[in-house]
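Shown next, in structure tokens, is the structure this report addresses.
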Amino acid sequence: MDQIILPRLSIEITTRCNLKCKYCAVGIPTQKEVIHLDVATVRLYLQKVFEVVDYVESLEFTGGEPLLHESLPEMIHTYMDFKPHFGRFLIVTNGTVKPTDSLLTVLEQYKASGIIHISDYGLAPARTKDLIYNLEQIGFPYRVDKYWGDDQYQGGWVDPGAVAPHGRTQEQLTNIFANCGLSANGGCWRTHKGQLHFCARSCRCADEGFVFPGDFIDLLDPASSIEEKRAQLRALRQKQYLKACDYCNGTMGTKDSSKRVPAGEQL
């Protein structure tokens, strides 16, 4: 049977963040529960993921702010134990946290296998400049997405809206999913509390009590075999829309600049 290959998958290692972004796509400022994984749990999630997924092109560290996690260097070593199953690892940071010496040492060791994406909100330019300097000193690849001023990357963010039902028809949901920037790129897959979700909005729905089993895979479910989980994932990838789509503003793929909002705006 065909291999299951995902373009990107993120392990949510922490929901701690030093910012409180008004339009945070994962709703960090309003999350009721703090998630801060230990290394053993990250390894467990990776083991379970790669039982049902054959290969991931970009295996990501996300939060929250990943650089706030004291065990990030060890977690990178853990990721690299699974290197045959992914193309590169990626760390998404807001560029306002100083990297530790131990993190820089590990990054230098694996600079051929990873990249850092810096979301520059213009909130701490000196720290962002220092981070870039440190990465250049060790030769670690990075990309900066500028999210301030008049020429923001992709025109800024999109407000996903409150987690609440809109009562859309099946046709409307299908259209929203077809035009979603996340589904167009094959999904923004994310582990969350031992579950594998198609996107962050699906995670947010589960957190708010709107649990849609067909929208995610329970990686830790002992009653479901590996082959059953793989079948569930294949079915999920064939869906024309998620139930979670009705709990989203539905503008994630919009090209309408009037629907874009300033990125990184603080509460």
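The values are calculated or read from the model by the stated rules, or taken from the named source; none is laboratory data. Remember, it's a predicted structure, so these values are computed and weren't measured experimentally. Positions of Cβ are generated from backbone atoms using ideal geometry, with glycine treated the same way; all protein chains shown enter the neighbour counts. Note: accessible area is taken over every heavy atom of the protein model, side chains too, but ligands, DNA and RNA are not part of it. Shrake-Rupley method; radii C 1.70, N 1.55, O 1.52, S 1.80 Å.
Things worth noting here:
- Test: residue in segment 73-82 that is open to solvent by less than 30 Å² (accessible area, probe 1.4 Å), at pLDDT below 95, of a type in the set (Val, Ile, Thr) and within 29 Å of residue 229 (Cβ to Cβ): no
- Some residue of segment 109-116 being open to solvent by 20 Å² or more (accessible area, probe 1.4 Å) and touching a residue at least 40 places away in the same chain (Cβ under 8 Å): no
- The set of residues in segment 245-265 being open to solvent by 70 Å² or more (accessible area, probe 1.4 Å) and among the polar types (S, T, N, Q) consists of 257, 258.
- Residues in segment 126-139 include none that are modelled with pLDDT of 95 or more, in contact with a Leu (Cβ under 9 Å, 6 or more places away or on another chain), basic (Lys, Arg) and within 16 Å of residue 67 (Cα to Cα).
- At least 2 residues being aliphatic (A, V, I, L, M) and touching a strand residue (DSSP E or B) at 6+ places or on another chain (Cβ under 8 Å) is the threshold, and among the helices (runs of 4 or more DSSP H) wholly inside segment 1-116 those reaching it are 39-52, 72-80.
- Residues being farther than 14 Å from residue 187 by Cβ and out of contact with any helix residue (DSSP H, G or I) (no Cβ under 7 Å at 6 or more places or on another chain) - total across segment 215-256: 14
- Pairs where the first residue, in segment 132-149, is touching a residue at least 12 places away in the same chain (Cβ under 8 Å) and the second is of a type in the set (Ser, Thr, Tyr) and open to solvent by less than 50 Å² (accessible area, probe 1.4 Å), C-beta under 7 Å, 6+ apart: 145/119; 147/119; 147/121; 148/121
- Which listed residue is among the hydroxyl-bearing types (Ser, Thr, Tyr), open to solvent by less than 70 Å² (accessible area, probe 1.4 Å), touching a residue at least 60 places away in the same chain (Cβ under 8 Å) and more than 30 Å from residue 4 (Cα to Cα), from 96, 128: 96
- Count of segment 2-49 residues, restricted to those that are out of contact with any Asp or Glu (no Cβ under 8 Å at 6 or more places or on another chain), open to solvent by 80 Å² or more (accessible area, probe 1.4 Å) and in contact (Cβ under 8 Å) with a residue 40 or more places away in the chain, is 1.
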